[in-house]
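The values are calculated or read from the model by the stated rules, or taken from the named source; none is laboratory data. All figures in this text were calculated on a predicted structure; none of them were measured in a lab. Using ideal geometry, Cβ is built from the backbone for each residue, glycine included, and neighbour counts are taken over all protein chains shown.
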Amino acid sequence: MILDRLRSRRAAGRAIVAAPALAALLLSGCMTQPREDAADVRAAVDASNRQFMDAFARGDAARIATLYSDDAQLLPPGNLPVEGRAKIESLWRGVLALPVKEMHLQTVEFTVHGDDASEIGRYSLVGNDGRELDAGKYIVLWTKTAAGWRLHRDMWNSNAPVVTAPPAAPPDSTP
(Lines give C-alpha, C1' and ligand atoms only; values in the text may rest on other atoms or scores of the structure.)
Protein backbone atom coordinates (compact mmCIF):
# COMPACT_ATOMS: atom_id res chain seq x y z
CA MET A 1 0.00 0.00 0.00
CA ILE A 2 2.82 2.43 0.85
CA LEU A 3 4.54 1.38 -2.35
CA ASP A 4 1.38 2.18 -4.33
CA ARG A 5 1.22 5.67 -2.75
CA LEU A 6 4.86 6.35 -3.63
CA ARG A 7 4.27 5.23 -7.23
CA SER A 8 1.19 7.42 -7.40
CA ARG A 9 3.11 10.47 -6.04
CA ARG A 10 5.98 9.88 -8.49
CA ALA A 11 3.52 9.69 -11.39
CA ALA A 12 1.82 12.89 -10.19
CA GLY A 13 5.22 14.60 -9.86
CA ARG A 14 6.16 13.58 -13.40
CA ALA A 15 2.82 14.93 -14.62
CA ILE A 16 3.42 18.25 -12.85
CA VAL A 17 6.90 18.52 -14.40
CA ALA A 18 5.68 17.40 -17.83
CA ALA A 19 2.64 19.73 -17.91
CA PRO A 20 4.59 23.01 -18.35
CA ALA A 21 6.84 21.42 -20.98
CA LEU A 22 3.80 20.13 -22.85
CA ALA A 23 2.09 23.52 -22.61
CA ALA A 24 5.20 25.29 -23.94
CA LEU A 25 5.41 22.84 -26.83
CA LEU A 26 1.75 23.28 -27.73
CA LEU A 27 1.88 27.07 -27.45
CA SER A 28 4.98 27.31 -29.61
CA GLY A 29 3.02 25.68 -32.43
CA CYS A 30 0.21 28.18 -32.01
CA MET A 31 2.43 31.22 -32.11
CA THR A 32 2.29 33.13 -35.37
CA GLN A 33 5.36 33.40 -37.50
CA PRO A 34 6.76 36.90 -37.76
CA ARG A 35 5.19 38.82 -40.62
CA GLU A 36 7.30 40.14 -43.42
CA ASP A 37 7.98 43.83 -43.38
CA ALA A 38 5.69 45.68 -45.83
CA ALA A 39 8.73 47.20 -47.56
CA ASP A 40 10.16 43.71 -48.15
CA VAL A 41 6.85 42.50 -49.59
CA ARG A 42 6.68 45.56 -51.85
CA ALA A 43 10.26 44.92 -53.05
CA ALA A 44 9.36 41.29 -53.86
CA VAL A 45 6.26 42.36 -55.78
CA ASP A 46 8.21 45.05 -57.65
CA ALA A 47 10.75 42.38 -58.63
CA SER A 48 7.95 40.11 -59.87
CA ASN A 49 6.48 42.97 -61.88
CA ARG A 50 9.89 43.56 -63.52
CA GLN A 51 10.10 39.84 -64.32
CA PHE A 52 6.60 40.02 -65.82
CA MET A 53 7.52 43.01 -68.03
CA ASP A 54 10.81 41.37 -69.09
CA ALA A 55 9.07 38.09 -69.98
CA PHE A 56 6.38 40.04 -71.86
CA ALA A 57 9.04 41.87 -73.91
CA ARG A 58 10.69 38.50 -74.74
CA GLY A 59 7.33 36.94 -75.68
CA ASP A 60 7.71 34.30 -72.94
CA ALA A 61 4.18 33.30 -71.90
CA ALA A 62 5.48 30.27 -69.99
CA ARG A 63 7.63 32.51 -67.76
CA ILE A 64 4.72 34.89 -67.18
CA ALA A 65 2.55 31.95 -66.06
CA THR A 66 5.12 30.93 -63.41
CA LEU A 67 4.57 34.28 -61.68
CA TYR A 68 0.99 33.24 -60.82
CA SER A 69 -0.13 31.01 -57.93
CA ASP A 70 -1.22 27.45 -58.73
CA ASP A 71 -4.90 28.38 -58.33
CA ALA A 72 -4.68 31.87 -59.80
CA GLN A 73 -7.45 33.52 -61.78
CA LEU A 74 -7.28 36.17 -64.47
CA LEU A 75 -10.35 38.36 -64.80
CA PRO A 76 -9.83 39.93 -68.23
CA PRO A 77 -12.28 42.49 -69.61
CA GLY A 78 -15.00 41.11 -71.85
CA ASN A 79 -14.10 37.49 -71.08
CA LEU A 80 -14.88 34.76 -68.61
CA PRO A 81 -12.41 34.16 -65.75
CA VAL A 82 -9.30 32.21 -66.72
CA GLU A 83 -8.27 29.70 -64.04
CA GLY A 84 -5.01 27.82 -63.54
CA ARG A 85 -1.50 28.27 -64.88
CA ALA A 86 -1.97 26.32 -68.13
CA LYS A 87 -4.94 28.45 -69.18
CA ILE A 88 -3.20 31.62 -67.98
CA GLU A 89 -0.20 30.75 -70.13
CA SER A 90 -2.51 30.17 -73.09
CA LEU A 91 -4.17 33.57 -72.63
CA TRP A 92 -0.82 35.37 -72.47
CA ARG A 93 0.43 33.42 -75.48
CA GLY A 94 -2.53 34.82 -77.41
CA VAL A 95 -1.80 38.38 -76.24
CA LEU A 96 1.87 38.01 -77.14
CA ALA A 97 0.90 36.92 -80.67
CA LEU A 98 -0.48 40.44 -81.23
CA PRO A 99 1.78 43.24 -82.51
CA VAL A 100 2.59 44.29 -78.94
CA LYS A 101 6.20 44.89 -77.96
CA GLU A 102 6.08 45.91 -74.29
CA MET A 103 3.89 46.22 -71.26
CA HIS A 104 4.68 48.81 -68.62
CA LEU A 105 3.33 48.43 -65.08
CA GLN A 106 3.24 51.19 -62.48
CA THR A 107 2.09 50.49 -58.92
CA VAL A 108 -0.09 53.29 -57.53
CA GLU A 109 -1.24 51.74 -54.25
CA PHE A 110 0.06 48.75 -52.32
CA THR A 111 -1.20 47.21 -49.07
CA VAL A 112 -0.02 44.11 -47.20
CA HIS A 113 -2.56 41.92 -45.38
CA GLY A 114 -0.47 39.21 -43.67
CA ASP A 115 0.22 36.53 -46.29
CA ASP A 116 -1.76 38.45 -48.91
CA ALA A 117 -1.29 41.84 -50.52
CA SER A 118 -3.25 44.08 -52.87
CA GLU A 119 -1.84 46.21 -55.65
CA ILE A 120 -3.61 48.86 -57.70
CA GLY A 121 -1.76 50.20 -60.68
CA ARG A 122 -1.66 51.49 -64.23
CA TYR A 123 -0.50 49.69 -67.34
CA SER A 124 0.36 50.66 -70.88
CA LEU A 125 0.90 48.50 -73.93
CA VAL A 126 3.43 49.57 -76.56
CA GLY A 127 3.18 48.29 -80.13
CA ASN A 128 5.98 47.01 -82.32
CA ASP A 129 6.12 50.48 -83.91
CA GLY A 130 6.77 52.12 -80.49
CA ARG A 131 3.33 53.76 -80.21
CA GLU A 132 1.12 53.30 -77.18
CA LEU A 133 -1.68 50.91 -78.12
CA ASP A 134 -3.61 50.96 -74.86
CA ALA A 135 -3.47 52.24 -71.31
CA GLY A 136 -5.57 51.26 -68.35
CA LYS A 137 -5.66 50.23 -64.73
CA TYR A 138 -5.35 46.97 -62.87
CA ILE A 139 -5.79 45.38 -59.49
CA VAL A 140 -3.81 42.34 -58.39
CA LEU A 141 -4.28 40.31 -55.25
CA TRP A 142 -0.97 38.70 -54.33
CA THR A 143 -0.48 35.67 -52.11
CA LYS A 144 2.60 34.32 -50.39
CA THR A 145 3.43 30.78 -51.43
CA ALA A 146 6.34 28.46 -50.65
CA ALA A 147 7.89 29.78 -53.89
CA GLY A 148 7.45 33.42 -52.88
CA TRP A 149 4.90 36.11 -53.68
CA ARG A 150 2.64 35.18 -56.62
CA LEU A 151 -0.18 36.87 -58.50
CA HIS A 152 -3.38 35.26 -57.24
CA ARG A 153 -6.16 37.35 -58.80
CA ASP A 154 -5.43 39.66 -61.72
CA MET A 155 -8.02 42.03 -63.19
CA TRP A 156 -7.57 44.95 -65.59
CA ASN A 157 -9.47 47.16 -67.99
CA SER A 158 -8.69 49.82 -70.55
CA ASN A 159 -9.10 53.55 -70.17
CA ALA A 160 -10.39 53.66 -73.77
CA PRO A 161 -14.13 54.28 -74.04
CA VAL A 162 -16.25 51.22 -74.58
CA VAL A 163 -17.34 50.97 -78.19
CA THR A 164 -20.94 49.92 -78.55
CA ALA A 165 -23.13 49.40 -81.57
CA PRO A 166 -25.46 52.31 -82.34
CA PRO A 167 -29.04 51.74 -81.26
CA ALA A 168 -31.16 50.01 -83.83
CA ALA A 169 -33.54 52.27 -85.73
CA PRO A 170 -37.16 51.74 -84.77
CA PRO A 171 -39.16 49.83 -87.33
CA ASP A 172 -40.97 51.96 -89.86
CA SER A 173 -44.47 52.42 -88.55
CA THR A 174 -45.97 54.07 -91.61
CA PRO A 175 -48.61 52.03 -93.49
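How many residues are in contact with an Asp or Glu (Cβ under 8 Å, 6 or more places away or on another chain) and either of a type in the set (Ser, Thr, Tyr) or farther than 24 Å from Pro99 by Cα (or both) if we restrict to segment 124-149?
Step one: filter segment 124-149 for residues in contact with an Asp or Glu (Cβ under 8 Å, 6 or more places away or on another chain), giving 124-126, 138-145.
Filter once more, so that each one left must be either of a type in the set (Ser, Thr, Tyr) or farther than 24 Å from Pro99 by Cα (or both): 124, 138-145.
Looking only at that region, the number is 9.
Name the residue, out of Lys144, Lys137, that is touching a Gly at 6+ places or on another chain (Cβ under 8 Å), basic (Lys, Arg) and on the phi < 0 side of the Ramachandran plot. Among Lys144, Lys137, only Lys137 is touching a Gly at 6+ places or on another chain (Cβ under 8 Å), basic (Lys, Arg) and on the phi < 0 side of the Ramachandran plot.
Residues in segment 135-152 that are under 8 Å from the mean Cα position of the chain (by Cα) and more than 14 Å from Thr66 (Cα to Cα): Val140, Leu141. Number of residues in segment 36-50 that are closer than 25 Å to Asp129 by Cα and surrounded by fewer than 15 Cβ atoms within 10 Å (Cβ to Cβ): the value is 1.
Every residue, every condition in (1) more than 21 Å from Lys144 (Cα to Cα); (2) outside any strand (DSSP E or B); (3) in contact with a His (Cβ under 9 Å, 6 or more places away or on another chain), yes or no:
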residue	(1), (2), (3)
Asp46	no, yes, no
Asn49	no, yes, no
Phe56	yes, yes, no
Ala62	no, yes, no
Asp70	no, no, no
Pro77	yes, yes, no
Ala86	no, yes, no
Ser90	yes, yes, no
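Here is the figure for segment 138-170: residues that are of a type outside the set (S, T, N, Q) and either assigned to a loop (DSSP other than H, G, I, E, B) or loosely packed, with under 15 Cβ neighbours inside 10 Å (or both) total 13.
Scanning segment 155-163 finds no residues that are over 21 Å from His104 (Cβ atoms) and at pLDDT 95 or above.
Just to verify a result, which residue in segment 99-115, among those that are exposed (fewer than 14 other Cβ atoms within 10 Å of the Cβ) and either part of a loop (DSSP other than H, G, I, E, B) or not β-branched (Val, Ile, Thr) (or both), is farthest from the chain's Cα centre (by Cα)?
Here is the first cut: in segment 99-115, the ones exposed (fewer than 14 other Cβ atoms within 10 Å of the Cβ) are 99, 106, 108-109, 111, 113-114.
When the remaining residues are screened for being either part of a loop (DSSP other than H, G, I, E, B) or not β-branched (Val, Ile, Thr) (or both), the result is 99, 106, 109, 113-114.
On the way: Pro99: 27, Gln106: 16, Glu109: 15, His113: 12, Gly114: 13 Å.
So the residue we want is Pro99.
The residues listed here are Gly148, Gly84; of these, the one that is within 30 Å of Glu36 (Cα to Cα) and in contact (Cβ under 8 Å) with a residue 60 or more places away in the chain is Gly148.
Annotation: Ser118 fulfils all but one of (1) of a type in the set (S, T, N, Q); (2) modelled with pLDDT of 95 or more; (3) not in a strand (DSSP E or B); the unmet one is (3).
Taking segment 87-120 only, how many residues are of a type in the set (Gly, Ala, Ser) and touching a residue at least 60 places away in the same chain (Cβ under 8 Å)?
Filtering segment 87-120 for residues of a type in the set (Gly, Ala, Ser) gives 90, 94, 97, 114, 117-118.
When the remaining residues are screened for being touching a residue at least 60 places away in the same chain (Cβ under 8 Å), the result is 114, 117.
Qualifying residue count, segment 87-120: 2.
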